1. Could you give the alpha-carbon Rg of segment B:150-251 over 2.2 N^0.38 Å, rounded to two decimals?
2. From largest accessible area down, sort B:135, A:235; use a 1.4 Å probe on the protein chains.
3. Leaving out ligands, DNA and RNA but keeping every protein chain, what accessible area does residue B:196 have, in Å² rounded to the nearest 10, with a 1.4 Å probe?
4. Of the cross-linked pairs A:104/A:185; B:4/B:31; B:4/B:165; A:107/A:166; A:185/B:110; B:194/B:231, which ones have a Cα-Cα span greater than 20 Å in the structure shown?
5. Report the label-to-label distance for residue B:56 and residue B:195 in nanometres (one decimal), using points 7 Å from each Cα along the Cα→Cβ vector.
6. Short version: ³J(HN,Hα) in whole Hz for each residue of segment A:241-255, in order, from phi by Karplus 6.51 cos²θ - 1.76 cosθ + 1.60 (θ = phi - 60°), x for Gly and Pro, what are they?
7. Please label the shape of segment B:1-95 as rounded, prolate or oblate, based on the square roots a ≥ b ≥ c of the eigenvalues of the alpha-carbon gyration tensor (a/c under 1.5 means rounded; beyond that, a/b larger than b/c means prolate, else oblate).
8. Going by alpha carbons, how many degrees (0 to 90, nearest 10) lie between the helix axis of B:101-112 and the longest principal axis of chain B?
Amino acid sequence: MSNFKRKLKRRHLINNLFMVLLVFVISISFLVLGTLLLEIFLRGYKTLTWDFITSMPSGRASRAGILPALIGSFGVIALTALISIPIGVGTAIYLTEYADKKSKFVKLLQLNISNLAGVPAIVYGILGLAVFSQLVGLGPSLIVGAFTLSLLILPVIIVSAIEAIKAVPNSIREGSYALGVTRWKTITGVILPMATPGIMTGSILALSRAMGEAAPLIMVGAVGFVTFLPNSLLDRYSALPLIVFNWTSRPQAAFAEIAASGILVMLILLIITNLTAIIIRNKTQIRVD
Amino acid sequence: MTVKVKVENLNFYYGDFQALKNINIEIHENKITALIGPSGCGKSTFIKTIDRMYDLIEDTRADGHILFDEMDILKSDVDVVELRKRIGMVFQKPNPFPKSISENVLYAVKRHGDVNKVAFNEIVENSLRKASLWDEVKSKLHQSAFSLSGGQQQRLCIARTLATKPEVILMDEPTSALDPIATSKIEELLQELKKEYTVIIVTHSMQQAARISDYTGFFLNGELIEFGNTKDIFTNPKDKRTEDYITGRYG
Ligand SMILES: Nc1ncnc2c1ncn2[C@@H]1O[C@H](COP(=O)(O)OP(=O)(O)OP(=O)(O)O)[C@@H](O)[C@H]1O
Ligand SMILES: [Mg+2]
């Protein structure tokens, strides 16, 4: 009996020790994140004004704004969505509903798509520069930025779309085929509608990641300082992470402050997109029992 | 009496495994044919050959003949989409689409595209009436099919199949997920349906087969051991194995 009690005591001790350790580890990460966010907020909130959002960049920090970078970021992300979502979802449909799953080629393809998701962003930048800018000759334009970011997030979109499509129960597919409905109409009739929430969340999260990327855009010629707005796909452009990067590399303290404001804008956009993704997932999740 | 589906020397394989061995059977028009037999004997496999649903499973193969009004279903050039419009299937577990009740009924009709829009309401009502579901759902046609009970969902799946105007309806244990009341509703319904359709039903319940069917086939280990009038099979089986099964000496 006392032996049993001793063992029980020891188990409780280990349990509690582990608990303390976990809380400690979690607090560290929260502390780091919290300090970082607080620091940025304290530095940047004063200069985060409507003027800041609607003005052109300037050599004087007090007059500088992010308008071209904001428009550039929106433009490049919208184009990226238009390019990457159809291609990504199409690929996922092919791989799940059409391709012969036993073929070695298809297996190799799927393995490689997952691997591509782990390639550093800068590598996609180099690829974009070599192919779209130079080989195709589109130069350092908005559309090249969009193509490059599309390459970057395509693997993520494909993988999440494949997951979403695979999550559609087989009984639903069978039900549709058994009614003499063709494969394509089964895909558009039940499979895609059921997979859409999953595809949307995956795509939105991938796009919000792309919005924060600076490295690949620098490679393909986006700039931190422009004083005009892009009005064609072939125009040069700026983007939020680039203007922040530009400002942080200046020596004056005033620029560090507006850089913090720029980061705040990015954070707010990030929170909005992530919330949208969560809302879409919760609202449209289809119950199947 | 007309033979609607005639199966000759049917063999079926999942990879190297032979699941059906030299099946010969004649399915009569406007009759209910019940298929019974222990788990794993090949009943589901057999009905999947009739509407070529096995095409969806990789590495499967069938040989022999299944004649459906002179057309050989197993021929590789058969248009399976057309075939499945004429031979409908109802599954063991109700599998309504995540759409409204009326959209479920119209799902295939709309996608086949050979019916005018003005007929849609009529198709919904007729199909639901034939499936004995109309009175229960007529006031909530636009609600999700998931709001229905299991038995109602299964009748919705039957209505959905009827909407495509099939000639033959295959049913794989359609009542095994349902309670006795829902089951008896579907059994009553089957008696109505056979006036217009030819029905093949797989069932684990001997009583059900005896109650509802005109013909019964007994499967064992991929073979059709005995086939004949339901009455004869249950009162006077010729094969010892059939007798053992219907008297409950098998699993
Ligand atoms: N997709 C498959 N791949 C390989 N073998 C299969 C497959 N489906 C069924 N089988 C095998 O074929 C045989 C017949 O299976 P089937 O599903 O037709 O049996 P059943 O009579 O319908 O059984 P139950 O009453 O349990 O539904 C079984 O031995 C089963 O293991
Ligand atoms: Mg079965």
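The values are calculated or read from the model by the stated rules, or taken from the named source; none is laboratory data. All figures in this text were calculated on a predicted structure; none of them were measured in a lab. Here the Cβ positions follow ideal geometry from the backbone for every residue, glycine too, while neighbour counts run over all protein chains shown. All accessible areas refer to the heavy atoms of the entire protein, side chains included, with ligands and DNA or RNA removed. Shrake-Rupley method; radii C 1.70, N 1.55, O 1.52, S 1.80 Å.
1. On the way: Rg = 14.5 Å, N = 102, 2.2 N^0.38 = 12.8 Å.
Compared with the compact-globule rule of thumb, segment B:150-251 sits at 1.14.
2. Working: B:135 115, A:235 40 Å².
Output order, biggest surface exposure first: B:135, A:235.
3. Rounded to the nearest 10, that gives 110 Å².
4. Numbers: A:104/A:185 28 Å; B:4/B:31 10 Å; B:4/B:165 16 Å; A:107/A:166 16 Å; A:185/B:110 10 Å; B:194/B:231 18 Å.
From the list (A:104/A:185; B:4/B:31; B:4/B:165; A:107/A:166; A:185/B:110; B:194/B:231), the Cα-Cα distance tops 20 Å for A:104/A:185.
5. For residue B:56 paired with residue B:195, the spin-label model returns 3.2 nm.
6. Taking θ as phi minus 60°, the curve returns x, 6, 5, 5, 4, 4, 5, 5, 8, 8, x, 5, 5, 4, 6 Hz for segment A:241-255.
7. On the way: a/c = 1.23, a/b = 1.15, b/c = 1.07.
Note, shape of segment B:1-95 comes out rounded.
8. Taking the Cα atoms of chain B, the angle to B:101-112 is about 70 degrees.
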